[in-house]
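Comments concern the structure below.
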C-alpha cells in the first residue's frame, strides 16, 4: 500500500516512493556487482595500472642497482679471482685471497687503525656535538653567528680542510710556532711525521669537521624535549649538569644512537684525513693506513695491484661495517624496550 503525502502549500496529495535499500547497503551491492576502487580511494584509482607505482620508483631502483647492488656483487665475485686493476684475464683462485688476508700483517695493522679510529672518534662525536647543541640552543642575541661559525667547517671540502691542517701542524706551522713562543716546547712537535700523532691529528680533523653537522641533528632532537621537565628539575634544585645527564641525554637518546651509527660507519671508511696528513704512503712506512687506504694500495696500484685481493679486503670491510650497524640496531631496540 502506497502512503500519501499532502503538499503543505497546494494541499495536493502525492504518493511517496517505495522504500529502497539503505545507502550503505546499496554501496555494498554496487561494489559486489561492479568493479571499482577500494574503499577510501579516489576515482583515479579506477584507471590506475598495477605497474604505475613501479614506473615512478624505477629511477631510484635503477640507481640503487647500478651503483649499489651491481658493484657489491661484482666485488664479491672478484674476491675469488686474481683480477688485475687494469683488466685482462682473471683466473678463479677460490679462497686464496681470504687466506692471504688472514696471514697478512699489513691487513691487521690497517684493521687495528680503523677500529681504533672508530673507538676514539665515535664516543667523542656522540657527546661533543650534543654539548655544543645545548650551548647554542638558547635564543640569545648573536647566537646565530656562533651557529654559523660552528657549521662552517661542514661546508668546506675534506681536501681544503686537510691542507689547512697541514699548514697548522707542520714543524714550522702555526701550532708549533705558538707553542715555541709560549715556551711550552723546545722543539717542534712531529704532528705530521710521528705515526701515532698523525693518527690522532686525523681524528681531531674528523671531529672538527663533523661537529657542526651532528650539532644540527641534536638541535632538532632537543626541540622535542619538554621544557617542563627542565623547569621542574630546576625547581627541585637540580643543577645544569644533573639536568643534562638525567633529562637531556635520555630525551635525545635515539638521536645519539643515530649519530653513533653514522659516525662509526664513517670512521671505518676514513681515507682523506690520513692521506692529507700522512701523505700518499699513509704515514711513515704505511703505519697509519686504514682499511680503505690499504684497499687502494693493494687493489688499485696499476703495477703491483691485485684487484681480487683488494676486493677480498673490501668484503672484510663490509662485514665489519655490517656488524657495527647490526650492533647499533640491537642496542636501539633494547633501549626502546
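Seen from a random direction on average, the alpha-carbon convex hull of segment 96-336 projects onto 17.0 square nanometres. In plain terms, the chain from residue 228 to residue 279 could stretch by 13.1 nm, reckoned as 0.36 nm per residue minus the Cα-Cα distance. Among 272, 304, the order by Cβ neighbours within 10 angstrom, fewest to most, reads 304, 272. The alpha carbon centroids of segment 186-242 and segment 52-130 are separated by 30 Å.
Between residue 271 and residue 318, the contour length at 0.36 nm per residue exceeds the Cα-Cα span by 15.4 nm.
Relative contact order, whole percent, for segment 47-114 stands at 16, derived from Cα pairs under 8 Å and 6 or more residues apart. Listed by Cβ neighbour count within 10 Å, with the fewest neighbours leading, 235, 215 appear as 235, 215. When each of 183, 230 is scored by the number of other beta-carbon atoms lying within 10 Å, the sequence from fewest to most is 183, 230.
Can you classify segment 235-295 as rounded, prolate or oblate using the Cα gyration tensor, where a ≥ b ≥ c are the square roots of its eigenvalues, rounded means a/c under 1.5, and otherwise it's prolate if a/b beats b/c and oblate if not? Spell out each step's value before the answer.
Values: a/c = 6.05, a/b = 3.03, b/c = 2.00.
In terms of gyration-tensor shape, prolate.
The label-point distance for residue 193 and residue 156, in a model that sets each label 7 Å from Cα toward Cβ, rounds to 2.5 nm. Is the C-alpha gyration tensor of segment 252-337 telling us rounded, prolate or oblate? Criteria: a/c under 1.5 is rounded; beyond that, a/b larger than b/c is prolate, otherwise oblate. Cα axes put segment 252-337 in the oblate bin.
Give me the extension gain from residue 220 to residue 103: residue separation times 0.36 nm, minus the current Cα-Cα distance, reported in nm with one decimal.
37.4 nm
Values quoted throughout were computed directly from the atomic coordinates according to the rules given, and no laboratory measurement underlies them. Quick caveat: nothing in here was measured; it's all calculated off a predicted structure. Note that we place each Cβ from the backbone using ideal geometry, even for glycine, and neighbour counts take in every protein chain shown.
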